[in-house]
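Undergrad: For reference, the structure I am asking about is given below.
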Amino acid sequence: MAAVTPAVVTPAAGPGQAYKVVIVGTGFSGLGMAIGLKKAGMHDFVILEKADEVGGTWRENTYPGCACDIMSLLYSYSFEPKADWSRMFPRQEELLEYIKHCVDKYDLAQHIRFEAEVTGAEYDDATDTWQVAVSGAGTEPGEIVRGRALAAGMGPLHQPNIPDLPGLASFEGTTFHSAEWDHSYDLTGKRVAVIGTGASAIQFVPQIARKVRSLTLFQRTPPWIMPKPDRRVTRVERTLFNRVPGVQRGYRNGIYLLQESFVLGFKNPGLLKAASNISRWHLRRQVADPELRRKLTPDYTMGCKRTLVSSDYYPALTRPNVELTTEGIAEIREHSIVTRDGREHEVDAIIFGTGFHVTDAFEHAHIVSTGGLKIQDAWRDGIEAHLGVSVAGFPNLFLLLGPNSGLGHNSMIFIIEAQIRYVLQCLEMVDSAGAGRISVRSSVQDRFNEWVQRKSEGAVWVAGGCTSWYLDKNGVNRAAWPASTVNYWLRTRRLSPADFQVEGAAARPAASTTGAESVGA
Ligand code: NAP
């Protein structure tokens, strides 16, 4: 969310003008929330989407080779299995198709407002509503959409991080980030620099290496990489999924348990020895050159950063037109990148595979609660939320995939579904009390976050000898869930009403789906 001019937020509308829930984003979280509301009989909501299409991260990331590194049969809503996945690991196009299928099946299009980017949100005490400022081609100038609750499903990985490298502004070639791929730029025959070797880069590097004249890959930290057992899903498997009850569910549960077993290692890094050995074997098998192997060998504990899966990344680096550089970038000039050893690498384009703003994503967000409390003030010591969803002092605000609810080892959709249940329970608590607002008690949030940090101590994210987007600038884990997903499920399955304050005026009559109002600028 960007800053909003305070003048845009007008005094509250009268009763009957607000949606029950305003949802932000049409990725897996936002759409899942919408489906959850519908299933609970709550149809009075709107989904605000900044783009002109649904899909969240699977719409934005269109880089060559973009795919999910969690297997297809697990990477879908549990209530909406797909029996005809084409591959064991879903590619971006198929995921986007699945998301669109869900929109159609659950009749969500009527609730979505496209080209309506949320630029800020302020809580109005008098009406117990969030006043959400929107802008874009699908909105009126200065428009405010009101909702009794605000469910933010923007996703934790959506603000591209472009490092502030010395001289970058002087570069005269083409630059773009992996999440904003410039498909109009033909890489064929070009000299290309790729900065970063994370989950995104290892997927697109093998794809572009074939067509570029030269590819110089700037690596700061080598990732741990496991072989990717990707293949086509066979016709026999698909028939079984369709016709034999329980087979698909069995596959899904099996994959879930396999992924979940990694958490034991994250909490007890010694147990990751076997997995680390497989990764080292994978590197030895695919890279013969000892010098290249040395550069690609991680010197920190597996799991400290997200463990990656790929069977075509290492081979791509052995191509004669690909060079792995580990010297560090000193500066960027008009047509080149100069490394710390003084070498100048001439390039036509720079592609940033440098990840996203995560723990600092809300630094410029305009979210203002009761009494003028800004999210930045609430989070002066770091981003925190109860179970990653509720922030003390911010009534009726629900963050989907908020702080410390990220996973490095399993499907985020599992967490999303648990969070949707959490939000529905909160809405029911408010409704059944005939109240206007619900907020988590700050003592409960504090206790929860003490637990998070206690659990993180000694765990691989903090003690594994690396930095990652899980940690904030002080090295505190602000993004990763520090326990099993079963633990998360148990904690969110039945919320304790004692953990929340339910208060305020009686619930107001709901608005129709056209309940957004416009305030003239
Ligand atoms: P990332 O994992 O955060 O990797 C960013 C890369 O850029 C790292 O190699 C990092 O190096 C490097 N980097 C950052 N700033 C740099 C600088 N100033 N100079 C040099 N190098 C720099 O980002 P990502 O690859 O976009 O992936 C982000 C997350 O998205 C993943 O962890 C994953 O959760 C998700 N993702 C998932 C999938 C999937 O299949 N499910 C696919 C893609 C992405 P350091 O390691 O040294 O910091």
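The values are calculated or read from the model by the stated rules, or taken from the named source; none is laboratory data. Nothing here was measured: the structure is a model prediction, and the numbers come from that model. We place every Cβ from the backbone using ideal geometry, glycine too, and count neighbours over all the protein chains shown. Please note that ligands, DNA and RNA were not included when accessible areas were found on the heavy atoms of the full protein model with its side chains. Shrake-Rupley method; radii C 1.70, N 1.55, O 1.52, S 1.80 Å.
Undergrad: Pulled fully out, how much extra length does the chain show between Lys374 and Asp360, if you take 0.36 nm times their separation in residues and subtract their Cα-Cα distance?
TA: On the way: separation 14, 0.36 × 14 = 5.04 nm, distance 1.47 nm.
Result: 3.6 nm gained on full extension.
Undergrad: Amide H to amide H, which residues 5 or more places from Val322 or on other chains are under 5 Å from it, using H placed in the peptide plane?
TA: Amide H to amide H, under 5 Å and 5 or more residues apart or across chains, Val322 pairs with Leu215.
Undergrad: Taking the solvent-accessible surface of protein heavy atoms with a 1.4 Å probe, what is the per residue accessible area of the stretch 238-321 in Å²?
TA: Value returned for the stretch 238-321: 55 Å² of accessible area per residue.
Undergrad: In percent, how large is the relative contact order of the stretch 364-451, given Cα pairs closer than 8 Å and 6 or more residues apart?
TA: Result for the stretch 364-451 is 30 percent.
Undergrad: Can you pull the Rg over Rh of the chain, Cα-only, Kirkwood?
TA: In the chain, Rg relative to Rh is 0.97.
Undergrad: Given the protein chains as shown and a 1.4 Å probe, how many square angstrom of Asp104 are accessible, to the nearest 10?
TA: 120 Å²
Undergrad: Could you order Cys466, Cys304 by accessible surface area, starting with the largest, using a probe radius of 1.4 Å?
TA: Cys466, Cys304
Undergrad: Heavy-atom accessible area of Asp299 with all protein chains present, probe 1.4 Å, nearest 10 Å²?
TA: About 130 Å², ignoring ligands and nucleic acids.
Undergrad: Summarise the accessible area of the stretch 135-265 (1.4 Å probe, protein heavy atoms) by the percent that is carbon and sulfur.
TA: 54 percent
Undergrad: Any idea which of Trp281, Tyr300, Pro315 is furthest toward the positive side of the dipole for the stretch 266-317, if Lys and Arg beta-carbons carry +1 and Asp and Glu beta-carbons -1?
TA: Farthest towards the positive end: Tyr300.
Undergrad: Oh, and also: Quote the convex hull volume per residue of the stretch 56-190, based on C-alpha atoms, as a whole number of Å³.
TA: 196 Å³
Undergrad: Further question: With a 1.4 Å probe and all protein chains kept in place, how do Ser496, Ser200 rank by accessible area, largest first?
TA: If we order Ser496, Ser200 from most to least accessible, we get Ser496, Ser200.
Undergrad: For Thr174 paired with Asp446, estimate the spin-label separation in nm (one decimal), with each label point 7 Å from Cα along the Cα-to-Cβ line.
TA: If labels sit at Thr174 and Asp446, their model points lie 5.4 nm apart.
Undergrad: Quantify, in whole percent, the carbon and sulfur part of the accessible surface of the stretch 30-88 (1.4 Å probe; protein heavy atoms only).
TA: Reported share for carbon and sulfur atoms: 53 percent.
Undergrad: With all protein chains present and a 1.4 Å probe, how do Glu60, Glu260 order by accessible area, largest first?
TA: Largest to smallest exposure gives the sequence Glu60, Glu260.
Undergrad: On average, how much accessible surface per residue is there in the stretch 151-224, in Å², for a 1.4 Å probe, leaving out ligands, DNA and RNA?
TA: 41 Å²
Undergrad: If you count only protein heavy atoms and use a 1.4 Å probe, how large is the accessible surface of Leu292, to the nearest 10 Å²?
TA: So the heavy atoms of Leu292 present about 20 Å² to solvent.
Undergrad: So if R0 is 22 Å, what FRET efficiency would Ser86 and Arg243 give, r being the distance between their Cβ atoms, rounded to the nearest 0.05?
TA: Details: r = 18 Å, r/R0 = 0.83.
Efficiency computed from Cβ-Cβ geometry: 0.75.
Undergrad: Using only helices, what value at 222 nm comes out for the chain when you add -39,500 (n - 2.57) per DSSP H run of length 4 or more and divide by the total residues, to the nearest 500 deg cm²/dmol?
TA: That comes out to -8500 deg cm²/dmol.
Undergrad: Summarise the accessible area of the stretch 301-417 (1.4 Å probe, protein heavy atoms) by the percent that is carbon and sulfur.
TA: Ligands and nucleic acids excluded, carbon and sulfur give 46 percent.
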